[in-house]
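One structure is given below, encoded as structure tokens.
The values are calculated or read from the model by the stated rules, or taken from the named source; none is laboratory data. Computed from a predicted model, the values in this text were never measured in an experiment. Glycine also receives a Cβ, built like all others from the backbone with ideal geometry; neighbour counts cover every protein chain displayed.
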Amino acid sequence: MGTVTLGVSLAVPEPYGSLLQQRRAGFGDPAAQAIPTHVTLLPPTEVDPELLPAVRAHLARVAASGQAFPMRLSGTGTFRPLSPVVFVQVVEGAAACSWLQRRVREAAGPLHRELHFPYHPHVTVAHGISEEAMDRAYEELAGFEAAWTVESFALYQQGADQVWRKLSDFAFGGAGLGVPAVPAQGSPVDEPAAFRR
């Protein structure tokens, strides 16, 4: 029957998400239109499709144990030369992201996996393109700033066309868990809340 490729991430809301996706495409990254702008909690992971109900139940439990938290992006960074990636930095909310990704990948859950690199929350804006284009991304987005309150995370599946599509949203605190995905209507929110550790 094969496997499905899943990912779990925090969406970057509008207007920031579309802006960064357009900038990524403008730098010549061919993956830009296939990948919604996000902070990864679980990288691409192959799963038996029969496990999808267990995956959704697991993610609902993770979401229920958390609360909304403030996220702020500022400036750029890079994983070069180790990995050909330029990113926008997460300067607030990184600890909450780290806590979440550990829970998503916990050994007792259906999404358990090891990471190839230590977890470092970020928003990719260029990947695997020319050094010149990556330098341009690093320089042109150095002044980028965005802030919002993260109230949920989402489960995505990669299609045969390599496009990532949202399957379900999982709101923190037990509300609206595992609801079918709807078109994103996110916007910045002013009110930060503590994240339960």
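At-a-glance table
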| read-out | value |
| --- | --- |
| Helices (runs of 4 or more DSSP H) completely within the stretch 1-114 that count 2 or more residues being aliphatic (A, V, I, L, M) and touching a residue at least 60 places away in the same chain (Cβ under 8 Å) | 52-64, 94-104 |
| Single match in Gln185, Gln162 (criterion: of a type outside the set (A, V, I, L, M, F, W, C), assigned to a loop (DSSP other than H, G, I, E, B) and either at pLDDT below 90 or in contact with an Asp or Glu (Cβ under 9 Å, 6 or more places away or on another chain) (or both)) | Gln185 |
| Qualifying residues in the stretch 93-112 (those that are surrounded by 15 or more Cβ atoms within 10 Å (Cβ to Cβ) and touching a Lys or Arg at 6+ places or on another chain (Cβ under 7 Å)) - the one farthest from Phe172 (Cα to Cα) | Leu111 |
| Residue within the stretch 122-141 that is part of a strand (DSSP E or B), modelled with pLDDT under 50 and among the β-branched types (Val, Ile, Thr) present | no |
| Residues (in contact with a strand residue (DSSP E or B) (Cβ under 6 Å, 6 or more places away or on another chain) and within 24 Å of Gly173 (Cβ to Cβ)) located in the stretch 113-143 | Pro121 |
| Residue selected from the stretch 1-41 under the condition among the polar types (S, T, N, Q) and within 18 Å of Pro121 (Cα to Cα), by the criterion surrounded by the fewest Cβ atoms within 10 Å (Cβ to Cβ) | Thr40 |
| Residue under evaluation Ile129, criteria (1) over 14 Å from the mean Cα position of the chain (by Cα); (2) more than 23 Å from Pro30 (Cα to Cα), criterion not met | (2) |
| Condition met for Tyr156 (at pLDDT 90 or above, of a type in the set (Ser, Thr, Tyr) and either on the phi > 0 side of the Ramachandran plot or assigned to a helix (DSSP H, G or I) (or both)) | no |
| Arg103 being basic (Lys, Arg), modelled with pLDDT of 95 or more and touching a helix residue (DSSP H, G or I) at 6+ places or on another chain (Cβ under 7 Å) | yes |
| Filter result (among the acidic types (Asp, Glu) and either under 25 Å from Pro30 (Cα atoms) or free of Cβ contacts under 8 Å to residues at least 12 places away in the same chain (or both)) within the stretch 137-161 | Glu139, Glu140, Glu145, Asp161 |
| Output for the stretch 142-152, where each listed residue is closer than 13 Å to Gly93 by Cβ and either among the hydroxyl-bearing types (Ser, Thr, Tyr) or part of a strand (DSSP E or B) (or both) | Ala146, Ala147, Trp148, Thr149, Val150 |
